Amino acid sequence: MADWFDDYADDEGDAQIDEYDITATPNDFNVSTLFNFIESGAVRIPGFQRNFVWDQVRSSKLIESLILGIPVPQLFLYEQSRNRFLVIDGQQRLMSIYYFVKRKFPRKEKRVELRAIFDREGKIPDEVLHNDDFFDDFKLKLSEKLPNQKNKFHGLNYSTLGDYKIQFDLRPIRNIIVKQNTPPDDDTAMYEVFNRLNTGGINLRPQEIRTSMYHSEFYDMLYRINSDERWREILNSDEPDLHMKDIEILLRGFAMLIQGEEYAPSMVRFLNRFSRKCEAHEKSQNNYLERLFLSFLSAAEGLPSDAFINSKNNRFNVALFEAAFAATCDVAFRERRIVQGEMDADEISSLERDKQFQDASVEGTTRTANVEARLRRAKAHIAAL
């Protein structure tokens, strides 16, 4: 699905890391401390990372290494704020420790569901943890050292380690805490840190990382409206995008509506700052924005299915949508009401054909002058409802 939209943010180039002050500090947290960090929610697994994939044998070998003091690979954590960390690298190791202390090992067929629960709750609730449909007992599975010579840790669980339990709890694990010091309101450089340490050569899209770094009730609202059948029809795409491009389109629409007059490049930085601001939204604000968007969908029900599809390449036209959305909802948002009436397909077609709008959508699309021009021309063509 990577080519179903016109991407108006990819012309910005990579973030310049040398513009930022980033520190990487080594620490030696012991196993017990790391477990408590996960249990308390201080350490979180980003939403873009894959599910827990290790089997019980591999996790058991890690636990054995920790008991015996054998060095294990270091962890990388990103410090979002005081005592709040995102795992950059080390998810499988941390979750192996977490599940061993809990004495439960997740069934393979339930791991996607467990990941959703973990993302929502910040941990595994007791009623799920003790549900045999989700977990097996976590007893160490370790091979014999020699034929007919049983490994002394084989079959043990966290509570039966005996004298080795304290040794395991106090075993330090080297971790590197990465922190961006300046500028304090722009985390753009952290995209490069995540990309270089976590992806194994596969570039993450900015929205995948943004969703994790700024996850909030506002983002929960974006997920809900992203599933609305009327929105999927507008996108001309039945299923949510694997790389969250549809979420980014929604984010851009709201950002242009609410803070379009304050836009400054790059688009990545603008959306980061807007996402950070939305973390502080009260529930009433998120509820209002959801009602506003749903009323926009109602107003758009009479539009042809290809209203926002670029006629030249048959892709979704992000610039056209965000400008039309901001223009349509402008007055309603300022008056804190929902959209009333129906959108006019001819007005959208007229905007798409507008020479100034086209010029601002072809090259340098995320420059301030071009963003301002598109929003201005949209207000000239599309009536606010």
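Numbers below:
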read-out	value
Rounded FRET efficiency, nearest 0.05, which uses the C-beta distance separating Glu109 from Ala42 and R0 of 30 Å	0.50
Rel. contact order, % - alpha carbon contacts under 8 angstrom, at least six apart, the chain	20 percent
Average Cα contact separation per residue, region 264-361, under 8 Å, 6 or more apart, as relative contact order %	30 percent
Calculated FRET value between Lys123 and Lys277, using beta carbons and R₀ = 25 Å, to 0.05	0.35
Sequence-distant lysines (8 or more away, or on other chains) whose Cα lies within less than 29 Å of Lys108	Lys61, Lys123, Lys139, Lys141, Lys145, Lys150, Lys152, Lys165, Lys245
Region 21-181, relative contact order in percent, only Cα pairs under 8 angstrom and at least six apart counted	42 percent
Three-way shape label, region 21-181, alpha-carbon gyration tensor, a/c 1.5	oblate
Gyration tensor (alpha-carbon) shape descriptor, region 301-385, a/c threshold 1.5	oblate
Between region 246-301 and region 310-325, the Cα center-to-center distance that results, in Å	17 Å
Debye, to nearest 20: dipole size of the chain, +1 on Lys, Arg Cβ, -1 on Asp, Glu Cβ	1840 debye
Rounded to the nearest 20 debye, dipole of region 318-358 from Cβ charges on Lys, Arg, Asp, Glu	200 debye
From the coordinates shown, Cα extents along the principal axes in Å corresponds to which of [x] 80, 42, 39; [y] 81, 46, 38; [z] 71, 41, 35	[y]
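None of the figures in this text is laboratory data; all of them are computed from the coordinates on show. On a predicted model such as this, the values are computed, not experimentally measured, just so you know. FYI the Cβ positions are ideal-geometry reconstructions off the backbone, even for glycines, and counts take in every protein chain you see.
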